[in-house]
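Just below is one structure, and these are the notes that go with it.
The values are calculated or read from the model by the stated rules, or taken from the named source; none is laboratory data. Owing to the predicted nature of the structure, the values given are computational and were not obtained by experimental measurement. Positions of Cβ are backbone-derived with ideal geometry, glycine not excepted, and every protein chain shown enters the neighbour counts.
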Amino acid sequence: MTVTRDIPLSPTTGEPVSVVARRNRLGVWLCIISDVTGVVALLIAYAYLWALNVNGAWAPPKDAFADPVTFWVVALGGIVTAALIWFGYRTVARGGRGVAILALAVLVVLATFILQIVQLSTFPFDIQDGGYASATFWLCIGAAFHLSLVLTLVIGVVGRTRAGLINAANPYHARLVAMYATWAAIAIFLGALFATTMTVSPNTQSPPFGEFQQVPASASASPAASASPAS
C-alpha cells in the first residue's frame with residue numbers, strides 16, 4: 001500500500017510551496033544584486049569626491065556637516081526592523097501567528113522612515129552646497145527609498161499573515177521580505193558609516209578642475225581683430 005504525503009500548495013499558483021519559494025528566492029536575490037550596484041556607485045562617488053576635494057569644494061559652507069547621531073539612529077532602526085521580520089518569520093514557520101511581531105516591525109520601520117525624512121528636510125545645507133552636501137543627500141535619499149520599500153513589503157506580510165496566506169506550511173513570503181530588509185539594513189549602515197567617518201577631506205591641496213581660466217576682456221582683442229577691414 002502506497003502512502004502519499006500531503007504536499008503544501010501555494011494558494012496563488014497551486015504549485016508546491018517549495019517550487020514557488022525557490023523561484024521567488026531567485027527573484028529576490030536578483031533584485032538585491034541589482035540594488036547593490038546602485039548603492040556601491042553612490043558609495044564610490046562619495047569616497048571619490050571626499051578624497052579628491054576638487055577646487056576645495058567638498059565641505060559645505062562654514063563646515064556645517066550633518067549631525068552624525070541621526071545617521072546611526074536610522075541605521076539602528078533598519079537593523080531592528082530586519083531582526084523583527086526574521087523573528088516574525090521564524091515564529092510563523094514554527095506554527096505561531098507572528099502578527100504582533102511583524103506589526104511591531106511596521107511601527108519601527110515607519111518611525112525610522114519618518115526620521116529619515118526629517119533629517120533630509122533639516123540638513124544645515126542645501127543639495128548644491130558642495131560635494132559633501134550632494135553626496136550626503138543622495139545617500140539619505142537612498143536610505144529613504146529602502147525604508148519605504150521595506151515598509152510596503154512588511155505591511156503586505158502582516159496582511160497576508162492575518163489572512164492565513166502566510167502560515168507554517170507556507171511561510172516563505174515573510175522570509176523573502178526578511179532577506180530584502182537585511183540588505184536594506186546593510187545599505188543604510190554603509191551609508192551612515194561613510195557619512196559620519198568621511199567628513200573633512202584629507203586632501204588639503206585640492207586640485208583645480210582642468211586648466212581653464214577666465215580671460216580678461218582687455219586681453220581678448222588681438223591686433224588682427226582690432227584692425228579695420230580694408231576698404
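Residues checked against (1) surrounded by 20 or more Cβ atoms within 10 Å (Cβ to Cβ); (2) touching a Ser or Thr at 6+ places or on another chain (Cβ under 7 Å); (3) in contact (Cβ under 8 Å) with a residue 60 or more places away in the chain; (4) assigned to a helix (DSSP H, G or I):
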site	(1), (2), (3), (4)
138	no, no, yes, yes
141	no, no, no, yes
147	yes, yes, yes, yes
154	yes, no, yes, yes
161	yes, no, yes, yes
178	yes, no, yes, yes
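Do we have any residue at all in segment 107-124 that's touching a residue at least 40 places away in the same chain (Cβ under 8 Å) and among the small types (Gly, Ala, Ser)? No: zero hits. When restricted to residues that are more than 30 Å from residue 165 (Cβ to Cβ) and part of a loop (DSSP other than H, G, I, E, B), segment 85-136 contains 8. Of the residues making up segment 119-149, those that are touching a helix residue (DSSP H, G or I) at 6+ places or on another chain (Cβ under 6 Å) and among the β-branched types (Val, Ile, Thr) are 127, 136. Just one of (1) in contact (Cβ under 8 Å) with a residue 60 or more places away in the chain; (2) outside any helix (DSSP H, G or I) fails for residue 191. It is (2). Go through segment 80-95 and count every residue that is in contact (Cβ under 8 Å) with a residue 24 or more places away in the chain and at negative phi. Adding up the residues that qualify gives 11. Might you check whether a residue that is free of Cβ contacts under 8 Å to residues at least 60 places away in the same chain, over 18 Å from the mean Cα position of the chain (by Cα) and either more than 24 Å from residue 144 (Cα to Cα) or not in a helix (DSSP H, G or I) (or both) occurs anywhere in segment 62-79? Within segment 62-79, one or more residues are free of Cβ contacts under 8 Å to residues at least 60 places away in the same chain, over 18 Å from the mean Cα position of the chain (by Cα) and either more than 24 Å from residue 144 (Cα to Cα) or not in a helix (DSSP H, G or I) (or both).
Can you tell which of 116, 128 is farther than 17 Å from residue 182 by Cα and surrounded by 16 or more Cβ atoms within 10 Å (Cβ to Cβ)? 116 is the lone residue from the list that is farther than 17 Å from residue 182 by Cα and surrounded by 16 or more Cβ atoms within 10 Å (Cβ to Cβ).
Residue-wise test of (1) modelled with pLDDT under 90; (2) not aromatic (Phe, Trp, Tyr).
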{"position": "132", "(1), (2)": "no, no"}
{"position": "148", "(1), (2)": "no, yes"}
{"position": "162", "(1), (2)": "no, yes"}
{"position": "179", "(1), (2)": "no, yes"}
{"position": "189", "(1), (2)": "no, no"}
{"position": "195", "(1), (2)": "no, yes"}
{"position": "198", "(1), (2)": "no, yes"}
{"position": "226", "(1), (2)": "yes, yes"}
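Within segment 75-100, the set of residues being crowded, with 22+ Cβ neighbours inside 10 Å, hydrophobic (A, V, I, L, M, F, W, C) and under 17 Å from residue 182 (Cα atoms) comprises 75, 82, 84, 85.
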